[in-house]
Amino acid sequence: MKELLKFQSIASNEDIVNGNVKLILGMVWQLILRYQLSGGAAQDNDKPRRAILPKKLILQWVNGMLPEGQTCKNFSRDWNDGIILSGLINYCDPSLLEDWDKLSPSNQLANCERAMTIAKEKLEIPMILSPEDLCSPEIDELSCITYISYFVQHEGPGWYATLNWVRSKVPERNVQNFQSDFNDGLVICGLAHAMGENCPGWQELDPEDKVANCQKGLNAGKELGIKPAMSAADLSQPNVNELDVMAYAASFHKAKGAKREIEKPVKIEWGRCATFSEDDINGAERSEQVFQNTKGLVTHQGLVNVPITVRVKLANDRAITTDISAEVDSPGEAVPITLKKISNNVVEASIMPQHEGIHTISVRCRSELIDKCPLRIMVMPDQSSFPENVKVGKITTAVVGEELQFQVDVSEAGKGELTVTISNGMHDLPVRLEQDGSMFTIFTIADAVGDYTVNILWDRNPVTDEPAKFRVFDPNRVTASGDGLTRGREDQPTTFVVDPSQAGKSELKVSVEGPNSMAKVTMLSNGDGTYTVTYVPTEVGIFNIRVLYGERLIYGAPFQAKITDPRKVRFAGFPTARNEYGTLDLLLKETYRVEVDTGDAGPGDLRAEMETANAILPVQVDRVSDSNYVLTFSAPKEGNCIIKVMWAGSHIKGSPFEGYAREKELPIDNTKVVIKGEGIRSTKVYVPTEFIIDGTQAGAGTPSVSITGTTEDLDFKLEPYGTTENMYKVTYMAEKAGTHIVYVAWSEKQIPNSPFKVNVQASPHAEKVRASSFKGLISGKTGKFIIDTRDAAEGNLEAKCMGPTKPADVHIGRSEDGFYSLLITPKEPGNHRLVILYGNEHINGSPFTLRVSAPPDASQVIARGPGLNHGIITDYNGRFICETKGAGAGQLKVRVHGPKGAFKVQMTRSSKKDRTIDVRYNPTEVGEYKIQVKWSDSDVPGSPFTIVIVENENELREVKRKYPIDPRFTSVSQDGWSEDL
């Protein structure tokens, strides 16, 4: 686009849209002038000053190649009879049109047709004009110049002819081009001396004194009547215009006073300009039995997958390395052949045979077969075995009962059979081999801990000096015990013991994480294979204890320890009066209520009891909120008593409280009877149910009870409750659903609210509730699951889900057909514990363990390989890998769009657990390709990738210069299951 902008003065966007033919043709000519007739000069900021227009330079070159007495004055009428064009073709290749100088000018069309046809077929000059155009007196001059420019362009037939002529005149210099090889002035000096002997001593000139040498050569050329086409300073520049130099050099054909007149070009036998010997053939030996087939004599033998190379040497200075080409005729699929320049006169041709049969290698110099070609080689199957070339993948530690796999690559091991045995010295493990080409995957499962030896044989021979070994352990046989796994005190050392002695050898790791902190952990060996783990929590709350063995959680882990501080429990309501003994002054059978706040004390449970001279009595504990409780107690007998209040098993501050109870008469008052327990309100059929009658404040009396069911009275049991006077427990069990009536009286009088209505519900049959599979959960995203209660009775559905450190959000939606929708939104990755209750009972499978994956993160996907780089179509490797480890749950999508649209992409991996994905595509056209790689619909780093596939090495270098690609995306990974790219 930048180049087109330079031609805006010729044709604007509006001119093109409006079809302004004159301005459009002007722009096209400027493009031809710049790119077709530039002569190989550097572009943009490096372009040298042009002294002569391309038209004059091409005309100068044409006149230089014509023999004495013949000249070309224009690019119109002088070309009509086809004679000059025929002479130009003969100059490029003397074997063509040898009779050109005897052609009749009257046969214009025939001459033009013959010359242009030969130029197209033998010199690859495109016929952009018709013969009728060329022989027409009205031929467009610019069209003729463009056609002739194909002869003089870089590496065109005229370019080669002039270069070979210069090399024949100055054999002392290895001239390869019309730019850098002329910069030091020595070639010009040598050419002038060869044609007129007027530049003696030129070979002793200092090559570093470029401008002076160039000036010396140009002056010598002037003496021969050759007008300089450029200044000495211009000639000494690396980016000197090739067409300037080539036209100037061609002018020496007609140098005045030359030692000899210009000779008629001699026909060059290009096939003799290069050769090779028996020593130049590698990878194929001369066959002991030379035999003839339908295609010719077969003289050598090679092996499948063994490279064959032929080093071709230039036999004289007429040809250069770029004149050499090669092709191979092979059975089966086409085998590519590569050419590599070894030096200025040596080219190496290489093939890699893929199939058995005769392979014919034809090497040509300027389209002519060289000596000893074609070379026919019988390729045989390679029966050699190389056990030392077998590559064994990394074998890590294994877990009892879990499948272990590793890979063996035999691609470079030749022929043979793979045998693998794995043993711990007492018995062999079962071994399963799966083959994919030259890659084997080995599977085994160990059922016991210990050290195992892997013996790998290829063709019955060991592949390594020492067999591979790996260790098997069993994290489920590691045990952990001690109070520190379940509870502890803030700022107090807390311990537990881990015993891995029966689990095999591996690494033990322990971490303890609180709500807002990580506890410092120390681990000391006890000398008997066990370890004592100590940690000091610095806050209250639930601490997650992760015990890992060989990076695996042991059985029961993670453990949850409740860390508390009973000193932070606050209370109010204890009597403050003291008696003569200095203890609490309590009234016999008086009810006391103490409010307790445990909000700052951490997780735990509150327990209280009263100890008298001959009994230990429970203290009623009622929870009124998450962290607030009410203790209710009374002294049953006169005398000393001790009240103990404990939080999470430890005494709160001030506990135990000592007191003395003294007698106090209480009148009978049925209104002070209190009924406690859920059994006075609701129950379920066939479930033992109870409630408490508390008459401690009602005075001396006795209770009476009756329970009427839906059809008949129920049996019940009335008995004293504990050792407290006037406390009774009623136990009954309903057999039918419906409303039951409970009558309670104290000393023959109904107590307040009696009779009570008890709602008896049918069993909901939680075991008949079914839940869908809990899979595919991702942190931060809501998963939807179905709960089916159609086979169960009516009941209440509840669900709670707890992650490693945070609870997940749970929402239940109900439909009228017995189905519930359960929405779970985890807040963190890791194992979650899901509890589902139906009618306060666990459903089938509850509690569930859910595995929650991290959210997809496309930025963590690494795509790399040769398939993301520019390349050459003949040997392009359209393959790359995507490493998705650490990218969370997701799906890889690859789309490749080439010059002719999208096409098939292959993606493979060795197992579902493998995080490395192998991607392949096979481009068949040159051009630009867009490769889009997405993880969970988000582009991975570098995507979309733009790569360009070209036809040759020169184009590839230019593409890489203009469109460099980050080397991160073209490097390859050597680990994992993927073979080397």
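The values are calculated or read from the model by the stated rules, or taken from the named source; none is laboratory data. Predicted model only: the values in this text are computed from it and were never measured. A quick note on method: Cβ atoms are made from the backbone with ideal geometry, for glycine too, and the neighbour counts reach across all protein chains shown. Just the protein is used for accessible areas: all its heavy atoms, side chains included, with ligands, DNA and RNA removed. Shrake-Rupley method; radii C 1.70, N 1.55, O 1.52, S 1.80 Å.
General remarks:
- With respect to being modelled with pLDDT under 85 and either open to solvent by less than 50 Å² (accessible area, probe 1.4 Å) or under 29 Å from residue 832 (Cβ atoms) (or both), residue 557 falls outside the description.
- In segment 796-804 there is no residue that is at positive phi and touching a residue at least 12 places away in the same chain (Cβ under 8 Å).
- Taking segment 99-128 as the range and being of a type in the set (Asp, Glu), at negative phi and exposed (fewer than 12 other Cβ atoms within 10 Å of the Cβ) as the test, the residues that pass are 99, 121.
- Number of residues in segment 462-479 that are over 34 Å from the mean Cα position of the chain (by Cα), open to solvent by 40 Å² or more (accessible area, probe 1.4 Å) and at pLDDT 90 or above: the value is 3.
- Between 849, 908, the distinction of being free of Cβ contacts under 8 Å to residues at least 24 places away in the same chain, surrounded by fewer than 17 Cβ atoms within 10 Å (Cβ to Cβ) and within 30 Å of residue 544 (Cβ to Cβ) belongs to 849 only.
- For segment 682-689, the condition holds for at least one residue, the condition being that it is buried (at least 18 other Cβ atoms within 10 Å of the Cβ) and in contact with a helix residue (DSSP H, G or I) (Cβ under 9 Å, 6 or more places away or on another chain).
- Residue match in segment 658-670 (condition: of a type in the set (Gly, Ala, Ser) and surrounded by 18 or more Cβ atoms within 10 Å (Cβ to Cβ)): yes
- Single condition residue 739 does not satisfy, out of (1) assigned to a loop (DSSP other than H, G, I, E, B); (2) farther than 30 Å from residue 516 by Cβ; (3) open to solvent by 30 Å² or more (accessible area, probe 1.4 Å): (1)
- Checked across segment 74-86, the condition of being surrounded by 13 or more Cβ atoms within 10 Å (Cβ to Cβ), at pLDDT below 90 and within 16 Å of residue 153 (Cα to Cα) holds for no residue.
- Condition met for residue 527 (open to solvent by less than 30 Å² (accessible area, probe 1.4 Å) and of a type in the set (Gly, Ala, Ser)): no
- Top-ranked residue in segment 208-232 [being basic (Lys, Arg) and assigned to a helix (DSSP H, G or I); ranked as most open to solvent (accessible area, probe 1.4 Å)]: 222
- Unique match (being in contact (Cβ under 8 Å) with a residue 24 or more places away in the chain, open to solvent by 80 Å² or more (accessible area, probe 1.4 Å) and in a strand (DSSP E or B)) among 447, 451: 451
- Considering segment 940-959, the residues that are aliphatic (A, V, I, L, M) and more than 30 Å from residue 888 (Cβ to Cβ) include one that is surrounded by the most Cβ atoms within 10 Å (Cβ to Cβ), namely 949.
- Identity of the residue in segment 135-144, in a helix (DSSP H, G or I) and at pLDDT below 90, that ends up surrounded by the fewest Cβ atoms within 10 Å (Cβ to Cβ): 141
- Filter result for the condition that a residue is open to solvent by 50 Å² or more (accessible area, probe 1.4 Å) and at positive phi, over 507, 551, 513: 551
- Count - residues of segment 645-688 that are over 60 Å from the mean Cα position of the chain (by Cα), part of a loop (DSSP other than H, G, I, E, B) and farther than 30 Å from residue 745 by Cβ: 3
- Subset of segment 723-738 that is of a type outside the set (Gly, Ala, Ser) and modelled with pLDDT under 90 - its residue that is nearest to residue 701 (Cα to Cα): 726
- Criterion (within 28 Å of residue 506 (Cα to Cα) and at pLDDT 90 or above) met by exactly one of 409, 483, 447: 483
- Those residues of segment 932-972 which are touching a residue at least 24 places away in the same chain (Cβ under 8 Å) and among the polar types (S, T, N, Q), in sequence order: 932, 936, 938, 943, 952, 970, 971
- Any hit, segment 164-180, residues being out of contact with any strand residue (DSSP E or B) (no Cβ under 6 Å at 6 or more places or on another chain), closer than 30 Å to residue 81 by Cβ and open to solvent by 10 Å² or more (accessible area, probe 1.4 Å): yes
- Here 785, 756, 774 are screened, and the one residue that is free of Cβ contacts under 8 Å to residues at least 40 places away in the same chain and surrounded by 14 or more Cβ atoms within 10 Å (Cβ to Cβ) is 785.
- Residues of segment 581-608 that turn out to be touching a Leu at 6+ places or on another chain (Cβ under 8 Å) and among the aromatic types (Phe, Trp, Tyr), as a count: 1
- Segment 415-444: number of residues that are open to solvent by less than 50 Å² (accessible area, probe 1.4 Å), touching a residue at least 24 places away in the same chain (Cβ under 8 Å) and farther than 28 Å from residue 380 by Cα: 8
- Any hit, segment 367-386, residues being surrounded by 17 or more Cβ atoms within 10 Å (Cβ to Cβ) and closer than 30 Å to residue 454 by Cβ: yes
- Output for segment 530-543, where each listed residue is touching a residue at least 60 places away in the same chain (Cβ under 8 Å) and either buried (at least 22 other Cβ atoms within 10 Å of the Cβ) or within 33 Å of the chain's Cα centre (by Cα) (or both): 540
- Selection over segment 572-603 of residues that are modelled with pLDDT of 85 or more, among the hydrophobic types (A, V, I, L, M, F, W, C) and part of a strand (DSSP E or B) gives a count of 2.
- Test: residue in segment 726-749 that is basic (Lys, Arg) and in contact (Cβ under 8 Å) with a residue 40 or more places away in the chain: yes
- Tally, over segment 177-198, of residues that are more than 19 Å from residue 234 (Cα to Cα), assigned to a loop (DSSP other than H, G, I, E, B) and either under 56 Å from the mean Cα position of the chain (by Cα) or not polar (S, T, N, Q) (or both): 1
- Cβ-Cβ distances below 8 Å connect the following pairs, each with a first residue in segment 556-578 that is closer than 17 Å to residue 481 by Cα, a second residue that is open to solvent by 50 Å² or more (accessible area, probe 1.4 Å) and in a loop (DSSP other than H, G, I, E, B), and a separation of six or more residues or different chains: 559/486; 560/486; 561/486; 562/486.
- Every condition in (1) within 17 Å of residue 863 (Cβ to Cβ); (2) assigned to a loop (DSSP other than H, G, I, E, B) is met by residue 894 except one, and the failing one is (2).
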